[in-house]
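Coordinate-derived values only; no laboratory data. Remember, predicted model here, so these are calculated numbers, not experimental data. We place every Cβ from the backbone using ideal geometry, glycine too, and count neighbours over all the protein chains shown.
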Amino acid sequence: MKKLLVSEQEIKEICARIGKEITDKFIGDENPPIIIGVLKGAAPFMMDLIKEIKCFVELDFVQYSSYQRTKSTGVVVMKKDISTDIKGRNVIIVEDIVDTGKTFAKMVEYLHTYEPLHIYTCTLLDKKARREVEFECDFVGKEIPNYFVYGYGLDYLEYFRNTKEIYYIDDEKIIIDELNNKKEWNY
Ligand code: 5GP
C-alpha cells in the first residue's frame, strides 16, 4: 500500500503561506525577484506557488542532477543553465526537497558567479536531519523525517511526478511491484 506523507490540502496551504511570505517581502520593491525552479522535481510546486504570489516576478529554470535511484551521489552535474540575466537582481531558487544540502549549496555558489543582488532559497520539503553541509532555506514548506519520498514532482525512477500528493517508501518492494505492472495506476 502507498503511504501518504503530504496531502493535496496541506500542499495548498504550504503554497498559500510561502506565497504570502514572498509577497510580503517583495511587494513594492522595484527589483522584482526572478524565481528559478529546479527541474524537474520543483516544477509542480513552482507552478502552484507562483499563483499565490501577488507581486511582479520573472521565471526561469535550471537543471542539475545529483540522485541515482534513491541515493544521493554527492556529485552535482549541471544539465541546463538559466537564460535570464540575473546580475543585480533578487533571485529565489525553488527546490522540491533539500536532503544533504549539497545540491542547493552548489547551486547557490554557481549562481553567485552571475553577480545577483541576493539569492533566496525556497524548498517544499526539508530533510533537515540529513544535512551534510551547513545550509538553511529562507522559505520552507515542511520539515520531514528521513524517508525517500515521491509524488508531486518528486520521482521514483522518473515515475510518479504527476500525483497531487506526496508519498513515502517504507518497503521498496511494493513500489518495484507497481512499476512492474504499469497497466494499473493506484494514485
Ligand atoms: P541533496 O543534494 O540535498 O542531498 O539532494 C537534493 C536533491 O536530491 C533534490 O533536488 C532531489 O532531486 C533529490 N532528492 C533528495 N531526497 C529525495 C527524496 O526523498 N525523493 C526524491 N524523489 N528525490 C530526492
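Residues whose amide H comes within less than 5 Å of that of LEU5, counting only those at least five positions distant or on another chain, are ILE166, TYR167, TYR168 (H built at 1.01 Å from N in the peptide plane). Rounded to the nearest whole Hz, the Karplus-based 3J(HN,Hα) values (6.51 cos²θ - 1.76 cosθ + 1.60, θ = phi - 60°) of segment 102-119 follow the sequence 5, 4, 4, 4, 5, 5, 4, 4, 5, 5, 4, 5, 8, 6, x, 5, 8, 10, with x at glycine and proline.
Under Stokes-Einstein, with the Kirkwood radius over Cα pairs as Rh, the value for the chain at 20 °C and 1.002 mPa s is 125 µm²/s. Computed about its Cα centre, the charge dipole of segment 132-176 is approximately 340 debye, with only Lys, Arg, Asp and Glu carrying charge at their Cβ.
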